[in-house]
1. Restricting to region 105-117, give me the number of residues that are surrounded by fewer than 21 Cβ atoms within 10 Å (Cβ to Cβ) and of a type outside the set (D, E, K, R).
2. Is it fair to say residue 303 is assigned to a loop (DSSP other than H, G, I, E, B) and either crowded, with 18+ Cβ neighbours inside 10 Å or in contact with a strand residue (DSSP E or B) (Cβ under 6 Å, 6 or more places away or on another chain) (or both)?
3. Among the residues that make up region 95-104, is at least one of them free of Cβ contacts under 8 Å to residues at least 40 places away in the same chain, closer than 24 Å to residue 50 by Cβ, of a type in the set (Val, Ile, Thr) and surrounded by fewer than 24 Cβ atoms within 10 Å (Cβ to Cβ)?
4. Assuming residue 137 fulfils every condition listed in (1) under 12 Å from residue 313 (Cα atoms); (2) out of contact with any Lys or Arg (no Cβ under 7 Å at 6 or more places or on another chain) apart from one, which condition is it?
5. Just for region 123-133: of the residues that are in a helix (DSSP H, G or I) and not β-branched (Val, Ile, Thr), which one is farthest from residue 100 (Cα to Cα)?
6. Just for helices (runs of 4 or more DSSP H) wholly inside region 1-94: which have at least 3 residues that are under 26 Å from residue 172 (Cα atoms) and modelled with pLDDT of 80 or more?
7. Could you please give the count of residues in region 166-181 that are in contact (Cβ under 8 Å) with a residue 24 or more places away in the chain, in a helix (DSSP H, G or I) and among the hydrophobic types (A, V, I, L, M, F, W, C)?
8. If you take the residues in region 200-214 that are small (Gly, Ala, Ser) and surrounded by 14 or more Cβ atoms within 10 Å (Cβ to Cβ), which one is farthest from residue 54 (Cα to Cα)?
Amino acid sequence: MITRAALAAVVLVAIAVLPVNMGRCLDCAPSGVPWLDAFARWDGRWYVSIAETGYVFREAVGSDLAFFPLYPTLTRIVAGPFGPDRAALVASGIVVSLGALLVSLLYLARLARLDADAASARRAVLYVLIYPTTVFLSAVYAESLFLALAAAGFWYARTERWSGAGAASALAALTRPFGVLLALALAVELEAAHRSSRRRPWPWAALALGPLALAAWAAYLWSMTGRPLAFMEAHAAWAVRPGNAVSAITDLFDERVYAFPWLVAGLLIMMAVLTVYAWRVRISYGVYSALLFAALLSPGTVTSSMRHELGMFPAFIALGILGSRRWLHWTYVAIGGLLSLVLGAMFALSHWIG
């Protein structure tokens, strides 16, 4: 893909000519290979550690229990032939992310074609690839995997293949803390489906796999720590705990927390508008995006909102439809493309971007 090649080129040039900021990001070079570590900053080191040695419970401190198991498990599986070498694990994490990105774009294009023309579907795919924080879709992060599962879940639901939708929702619940929300949105889709599907018990049972998967993960944590919600406690140790929208906005404009609040605020507003429009495209799309939007505000901080927004695929479908207006299309392409390269370079240099 042209966008991935351009992003990789910018990242490699950045780490070659500019100093890497390791002051705040401890162990942000997990493999010791600079061009690999450029895609494994911040949370990437936690995923690599889990893939390498499994979970380790640490009392009252930020720990790897905050990270859900599917992505590091896939990373370990892909790296299997090469052993538990950290360079192999980082490379495998990147491969998993890129593979999941490809899958997500295929499902996204298929979904968009159900409600719009081919040009709108192509624009939706492009807009994901040049979103300002698109670097996370290629990095050792779970963002592209979650996006792929969410889009796949909706594709199977829209085509009334409820076993596939249920499996996708279960896997999403094991990928991100708010992955279980996918099952709720798919239940709205089921309610809107053909009467014969609504009246059969199996579709509802299939969608229950999402909450059951989360319950299974909580049970594992309970057996390990004695606390079924240990992942929430791990988030709280990083000062990520339930809050409200007011505290999220005041935190946004605290210069000690965020260096570019207007960009974060601008993208939040854009996603809020697109969520409303997605509701017009399909009610279940609006519900899904609204649930994710509420989830990213719920910690009382929006410092990671720009990457969580990548999972709101209905917003990109909505933007793809609106992008038929040439001025809007080229404005987004110019600004989004530029910001994606700048923020990609900043991420590679270990600056916090979300």
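The values are calculated or read from the model by the stated rules, or taken from the named source; none is laboratory data. Note that the structure is predicted; figures quoted are calculated from it, not measured. FYI the Cβ positions are ideal-geometry reconstructions off the backbone, even for glycines, and counts take in every protein chain you see.
1. The initial filter retains those residues of region 105-117 that are surrounded by fewer than 21 Cβ atoms within 10 Å (Cβ to Cβ), namely 106, 109-110, 113-117.
If we keep only those that are of a type outside the set (D, E, K, R) too, we end up with 106, 109, 114, 116.
The number of residues fulfilling the criteria is 4.
2. Numbers: assigned to a loop (DSSP other than H, G, I, E, B): yes; either crowded, with 18+ Cβ neighbours inside 10 Å or in contact with a strand residue (DSSP E or B) (Cβ under 6 Å, 6 or more places away or on another chain) (or both): yes.
Taking the combined requirement at face value, the residue satisfies it.
3. Yes, region 95-104 contains a residue that is free of Cβ contacts under 8 Å to residues at least 40 places away in the same chain, closer than 24 Å to residue 50 by Cβ, of a type in the set (Val, Ile, Thr) and surrounded by fewer than 24 Cβ atoms within 10 Å (Cβ to Cβ).
4. For residue 137, the exception is condition (1).
5. Narrowing region 123-133 to residues in a helix (DSSP H, G or I): 123-129.
Of the ones still in play, those that are also not β-branched (Val, Ile, Thr) are 123-124, 126-127, 129.
Values: 123: 19, 124: 17, 126: 16, 127: 17, 129: 13 Å.
Looking at the filtered set, the residue picked out is 123.
6. Details: elements: 2-17, 34-37, 43-53, 70-79.
Qualifying helices (runs of 4 or more DSSP H): 43-53, 70-79.
7. In the first step, residues of region 166-181 are kept if they are in contact (Cβ under 8 Å) with a residue 24 or more places away in the chain; the result is 166-167, 169-181.
Pick out the ones that are also in a helix (DSSP H, G or I) and you get 166-167, 169-173, 181.
Within this subset, residues satisfying the condition of being among the hydrophobic types (A, V, I, L, M, F, W, C) are 167, 170-173, 181.
Result for region 166-181: 6.
8. Our first condition is that a residue be small (Gly, Ala, Ser); within region 200-214, this holds for 205-206, 208, 210, 213.
So of that shortlist, the ones also surrounded by 14 or more Cβ atoms within 10 Å (Cβ to Cβ) come out as 206, 208, 210, 213.
Values: 206: 29, 208: 27, 210: 23, 213: 19 Å.
Among those that are small (Gly, Ala, Ser) and surrounded by 14 or more Cβ atoms within 10 Å (Cβ to Cβ), it is 206.
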